[in-house]
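Read through the structure below, which is laid out as structure tokens, and then see the notes.
The values are calculated or read from the model by the stated rules, or taken from the named source; none is laboratory data. Just so we're clear, the structure is a prediction, and the values are computed from it rather than from any experiment. As a convention, Cβ positions derive from the backbone with ideal geometry for all residues, glycine included, and neighbour counts pool all protein chains shown. Accessible surface is based on the protein model in full, side chains and every heavy atom, while ligands, DNA and RNA are left aside. Shrake-Rupley method; radii C 1.70, N 1.55, O 1.52, S 1.80 Å.
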Amino acid sequence: MRIVIGADHAGYGMKEELKEVLRQEGIEFLDVGTMNGKESVDYPVFAKAVGEKVASGEFDRGVLVCGTGIGVAIAANKVKGVRAANCGEPVSARFSREHNDANVLTVGSRIIGPAMAREILKVWLKTEFEGGRHAERVSKISEIENNQE
Ligand code: RB5
């Protein structure tokens, strides 16, 4: 599995924590930035970069961090083909994979602590999509996208 990861200044520290998890799990990743937590940057820039690399198939899944996890989720979900899920605990992370086939995980560095974020990521990485009736529902999400002007 290949992961693309990004964050704004608020999420920078947690992004570095999550990269440590990816290293421990032996997962290849690309970090699209931001590369420090001091300089204020705009989260949609990183959400777009991660979303496009997942939607194009260049990477299997993406991970995004901002202060709440909300801004990056909203922005990434504007990229056609992205299903970004903002998760605050591991149960949501599991269901976002099993039922929604979420291909981007977002977390909020000002909402949850590093131990919770690490656990969320581990669960999200190892959980597969269940398919079946959920695949039909996910294809209806794609239909919504395909019917936009
Ligand atoms: C940055 O201050 C903050 O607005 C951003 O990280 C994020 O929480 C937006 O949703």
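Any residue at all in region 87-94 that's free of Cβ contacts under 8 Å to residues at least 60 places away in the same chain, open to solvent by 40 Å² or more (accessible area, probe 1.4 Å), part of a helix (DSSP H, G or I) and of a type in the set (D, E, K, R)? Taking every residue of region 87-94 in turn, at least one turns out to be free of Cβ contacts under 8 Å to residues at least 60 places away in the same chain, open to solvent by 40 Å² or more (accessible area, probe 1.4 Å), part of a helix (DSSP H, G or I) and of a type in the set (D, E, K, R).
Considered as a group, the residues in region 56-76 that are part of a loop (DSSP other than H, G, I, E, B) and touching a helix residue (DSSP H, G or I) at 6+ places or on another chain (Cβ under 8 Å) include one that is most open to solvent (accessible area, probe 1.4 Å), and that residue is Asp60. Filtering region 77-86 to residues that are assigned to a loop (DSSP other than H, G, I, E, B) and open to solvent by less than 40 Å² (accessible area, probe 1.4 Å) leaves Val79, Gly81, Val82.
Just one residue in the set Ala117, Ala102, Ala135 is touching a Leu at 6+ places or on another chain (Cβ under 8 Å) and of a type in the set (Gly, Ala, Ser); that residue is Ala117. Scanning region 39-80 for residues that are on the phi > 0 side of the Ramachandran plot and under 13 Å from the mean Cα position of the chain (by Cα) gives a single hit, Gly69. Residues that are within 11 Å of the ligand (Cβ to nearest atom) and more than 22 Å from Glu130 (Cα to Cα) within region 70-106 comprise Ile70, Gly71, Val72, Ala73, Ile74, Ala75, listed in sequence order. Residue selection: Lys53 satisfies the criterion of being within 20 Å of Ser96 (Cβ to Cβ) and either part of a helix (DSSP H, G or I) or within 16 Å of the ligand (Cβ to nearest atom) (or both).
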